[in-house]
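Chemist: If you scroll down you'll find the structure; I have some questions about it.
Throughout, read-outs are computed from the coordinates displayed, never taken from laboratory work. Predicted model only: the values in this text are computed from it and were never measured. Using ideal geometry, Cβ is built from the backbone for each residue, glycine included, and neighbour counts are taken over all protein chains shown.
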Amino acid sequence: MLRFLFIVLLVPTIFIYAQQSGDFQKAPVTITGLVLDQDTNEPLEYATVSFFSPRQQKIITGGITNQNGKFKIEVDAGVYDVNIEFISFKTKTLPKQRLFKNTNLGSISLGLDTEMLDDVVVIAEKTTVEIKLDKKIYNVGKDLTVGGGTVSDVLDNVPSVSVDVEGNVALRGNDNVTILINGKPSGLVGLNSTDALRQLPAESIERVEVITSPSARYDAEGTAGILNIILRRSKLQGMNGAITINGGYPTTAGISGNINYRTGDFNFFTTSGYNYREVPGNSLTETRFLNIDSEGLDNPDTFLTEERDFDRIRKGINSNVGIEWYINDSSSITGSFFYRSQDNESNTTNIITEPDINGNILSQNIRFDPEVEDDLTKQYALNYVKNFDDDGHKLTFDFQVEESSEDERSQITQENISTVELVNTLEDQDRILLQADYVLPIGEKTQFELGYRGNFNDLDTDFLVQFDNNGTITTDTNLSNNLIFKERINAAYTQLGSKWGKFSYLLGLRMEDTRITIDQQTSNDFNRKNYTDIFPTVNLGYKLSDKQSLTLGYNRRIRRPRSRFINPFPSRSSATNLFQGNADLDPSYSNVFDLGYLNRIGKLTLNSSIYYNRSTQVFTFISENTGDTVIIGADENNPGTEVPVIRRTPVNLTSSDRYGFEFTLTYNPSKKWRLNGNFNAFQNNIRGENNGEILDNDNFSWFARLNNKYTLPGKIDWQTSIFYRGPNENAQNRNEGIFSMTLAFSKDLFKEKASLTFNVSDVFNSRKRISIATTPTFISDSEFQWRERSFTLSFTYRFNQKKKRGRSQRDFNGDEEFEG
């Protein structure tokens, strides 16, 4: 019935398209074949197969081979010249092939091009996009603005994704994003995902998968969707890789590299790097406390100004090494070890001032917080793959063990106060992942999947607050605590995907059983939360023509509170403003709908979607007066001023309705000029209350990104990236718009074996969060800048690698497929 409705709705569109083309399309036929290396007889993965029409004098369609060297491509019946290409191999042409029925072209062998033997690995010159039923894949090309940067910089250039001034990643404006590395949770993300993403070098990324409508194969965590970061790894014979050295201002230095060595049945690989970064930042908060007494009389208000300066040093090493063993033609085992060690420093100076109405200082408090942080992550992973045949029938097993620790130590001093505040936070986390996936093709166009995943997480947080008064150390038992958080998630899924002509579907069902315990040992508080949920997924696709397609997705998602959200220990970075978690926070659930449209019009590509997200028990952050006070500005001659302490904490609200529209445009006016832009607009309506305060809010916001790349004389590439996020608000906070621009220039050297790149991040030093918070007891204006304008120079040298100039007309990305 559904297929019939699609046909009824699309007949007018197809008729108009056919009229414009001059005639209706001929019935398609399926062409198959196998591409091999002439010398080794091994299959060639990602070889390009294109069909050229002598009558129309253009390429009609094409595709690429799979990991087994096989291709299966639909083409309208007719006579074609079939071209088979692969980098560093001689192109082979099968002329005047009469393809009027399903045809197997057999085995096609390609010989090496001896003039290109030095160029054996492909590095993308431009970023390309692949559209599948449940995700969009952005192959990270030569994006100059991220040269010498980090993963955060790469994500901030991916359509639909935004990274705020604090490094938090959002997808379509929703910050509840699950971040995976190579399809799995990883120690690369660690205890603090924002800091970890700032440590991993940008050059280590091959592609980013933006999964806004995840299939049942993926965890249900993440109401906005999933970002899957794929690291570079080659499977070609011999040694190849790239080394990048960078430096900049504020002081930045680093070296990173990815190296692969393939010999016989073994492939050795590593992605490693070291970096040193100084990250100066600042913030300013002006708070007006509304002094209304119990009788409703408006007394003189209290004003406070708090200035903060951050001097941060981030330095660390990370390394992912592994070996892949091809046991035989149908199975392989991959073992890897990831190591990340960081040694960070953060010196924060707080100046809290109480002025009178004329601006004269009544009292002042200067607080200095030097913090030292040591992070260590170790991860061991084992993967086994068994291919039963060449049609995708396979079984995979994954086992992963991770150990992480994060140790923070502060010695907080205040002017005119001899007592030193000692704050130690020690976090230890152990995670285990078990996963098995089974894929069974049924016929030529149907596929069945079945799988299990177990995530087991233990987090022990020890928070100790002490006071050193001239050598006498006392422990604050009201603030100190020990939190033990345990999470057990067992999940099973099944899904079925198929293609009927131009119509594709992927239907799935996932069951997740969650068991969480929150044990605050020093306060004897114990919470247990158990829940079992069903998560259906539906992904549909219809191919209007070779250049146009429609997708429709639905999935149910969950947002579980992260450890930071439930950690009840108050932050100690400010005497008057603190963050505190909520141990009684419940999970949030979402039903997500997404309708997408893709169209290629000559040199212009349009990728757009309309989406709707209905969430219940949504998280939101509120600011409230704790009822506690603190004395500031006290000394021998001044008793100081007693001011309230403000707490920021997450709470559950009733519901959220988020709906929006986005589109991405790519336009290539010439070989030297490339433009792409992304626009996202959304409305978010939140309903709920907390402690009698109504927190209903209707908010419209948007963001836009424009990238312009042009080749100047002398083959110097120039790229400009502009980003603007419109104003947004919730029940208590309104954030002003943020504008930023990045410039970059690059020059290839040594016959394209090396590149020199210079970029300026945040040219106008304008990437600042400016906001105002309004509550019944106070109004607070604030400005926050995580990182000031920076300059970076990076040099990359590739050995046995060559940049790929793109496939021109033979870039056949965009066909919708089901995962697997």
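Chemist: If amide hydrogens are placed 1.01 Å from N in the peptide plane, which non-local residues have theirs closer than 5 Å to the one on Gly183?
Modeler: Residues meeting the amide H criterion: Ile229.
Chemist: With labels modelled as points extended 7 Å from the Cα through the Cβ direction, what inter-label distance (nm, one decimal) is found for Arg734 paired with Leu479?
Modeler: 3.5
Chemist: What GluC sites (Glu not before Pro) in region 414-443 are in a loop by DSSP, with at most 16 other Cβ atoms within 10 Å of the Cβ?
Modeler: Passing sites in region 414-443 are Glu415.
Chemist: For the residue pair Trp325 and Tyr724, what label-to-label distance in nm results when each label sits 7 Å from Cα along the Cα-to-beta-carbon direction?
Modeler: 5.8
Chemist: Please sort by residue number the chymotrypsin sites (Phe, Trp or Tyr not before Pro) in region 719-779 whose DSSP state is loop and whose Cβ has at most 16 other Cβ atoms within 10 Å.
Modeler: Loop-located and lightly packed - Phe750, Phe764.
Chemist: Continuing with this model, one more query. Taking loop as defined by DSSP and a crowding limit of 15 other beta carbons within 10 Å, which GluC sites (Glu not before Pro) in region 584-692 fit? Display every interim value, and only then the final one.
Modeler: Working: sites: Glu624, Glu636, Glu642, Glu662, Glu689; in loops: Glu636.
For GluC sites (Glu not before Pro) across region 584-692 that sit outside H, G, I, E and B with at most 15 neighbouring Cβ atoms in 10 Å, the list reads Glu636.
Chemist: How far apart, in nm, are the 7 Å Cα→Cβ label points at Ile442 and Val79?
Modeler: Here the modelled spin labels are 4.2 nm apart.
Chemist: Show me 547-556, 47-56 ranked by packing, highest mean number of other Cβ atoms within 10 Å first.
Modeler: Put in order of decreasing packing, that is 547-556, 47-56.
Chemist: Additional query: Can you compute the FRET efficiency between His393 and Asp39 using 1/(1 + (r/R0)^6), with r the Cβ-Cβ distance and R0 = 35 Å? Round to the nearest 0.05. Present the calculation step by step, with values, prior to reporting the outcome.
Modeler: Working: r = 29 Å, r/R0 = 0.83.
The value I calculate is 0.75.
Chemist: Per 0.36 nm of contour for each residue apart, how much would the distance between Tyr384 and Lys547 grow if the chain were fully extended, relative to their Cα-Cα spacing?
Modeler: Between Tyr384 and Lys547, full extension yields 54.9 nm more.
Chemist: Further question on the same structure: Taking 0.36 nm per residue of sequence separation and subtracting the Cα-Cα distance, how much length would be gained by fully extending the chain between Tyr46 and Asn527, in nm to one decimal?
Modeler: That pair, Tyr46 and Asn527, stretches by 168.0 nm at full extension.
Chemist: Rounded to the nearest 0.05, what FRET efficiency is calculated for Gln57 and Thr32 with R0 set to 30 Å and r the Cβ-Cβ distance?
Modeler: E between Gln57 and Thr32, to the nearest 0.05, is 0.70.
Chemist: Roughly how many Å is it from the Cα centre of region 658-706 to that of region 319-394, as a whole number?
Modeler: Cα centroid to Cα centroid, the span is 28 Å.
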